[in-house]
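Chemist: After the structure tokens below, expect a handful of questions from me.
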Amino acid sequence: MRIRQMEPADIPEVAAIEKDCFSQPWSEQGFADGLAHAAVFLIAEDKEEIIGYIGMYVSEPEGEITNVAVAPGRRGAGCGKVLVREMQKWAMAHGVNRIVLEVRAHNAPAIHVYGQCGFRKIGVRRNFYSFPKEDADVMEWQEQDRLC
């Protein structure tokens with residue numbers, strides 16, 4: 001598996017994974033806008049096939065992870081954890097010392113990965129998600145916390 005920064009040519013493949021993973025997916029235009037305005041996206045490739053990605057908006061010294069997704073047939077092999085770790089490394093190298101994110105309160109696999117990567121729950125946003133309606137756990141990682 002290779003991790004690299006996303007390029008505009010990757011957007012259709014990334015948007016297809018997004019659509020497979022989320023009930024309210026970002027559009028291709030949403031990814032293009034993110035790339036153009038203070039967002040960083042890393043992708044995971046296996047034999048030149050994109051198998052996952054992570055996105056983060058940056059406003060130094062903070063970042064907000066917007067989405068993490070692994071293609072449904074590629075889950076369970078550690079790709080999500082690698083993507084989170086690589087984003088943490090990118091953050092530290094670029095002056096970002098705090099990262100926050102929201103995750104569906106019942107998404108136990110994602111919450112487990114974030115916990116392994118040093119994120120801790122700092123709050124709840126009631127009814128944050130739609131389709132289905134669900135609370136979001138707010139999690140935080142700071143530079144002095146452990147990496148995956």
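Chemist: So which of ILE99, ILE111, ILE122 ends up being in a strand (DSSP E or B) and open to solvent by 20 Å² or more (accessible area, probe 1.4 Å)?
Modeler: Just a single option satisfies the conditions, and that option is ILE122.
Chemist: Is it the case, given these coordinates, that ARG75 is among the basic types (Lys, Arg) and in contact with a strand residue (DSSP E or B) (Cβ under 7 Å, 6 or more places away or on another chain)?
Modeler: So ARG75 does not fit the description; no.
Chemist: Give the residue that is least open to solvent (accessible area, probe 1.4 Å), with candidates limited to residues of segment 19-41 that are over 17 Å from TYR57 (Cα atoms) and of a type in the set (D, E, K, R).
Modeler: ASP20
The values are calculated or read from the model by the stated rules, or taken from the named source; none is laboratory data. Bear in mind that the values here come from a model prediction, so they are computed numbers and not experimental data. Reconstructed Cβ throughout: ideal geometry from the backbone, glycine too, with neighbour counts over all protein chains shown. Just the protein is used for accessible areas: all its heavy atoms, side chains included, with ligands, DNA and RNA removed. Shrake-Rupley method; radii C 1.70, N 1.55, O 1.52, S 1.80 Å.
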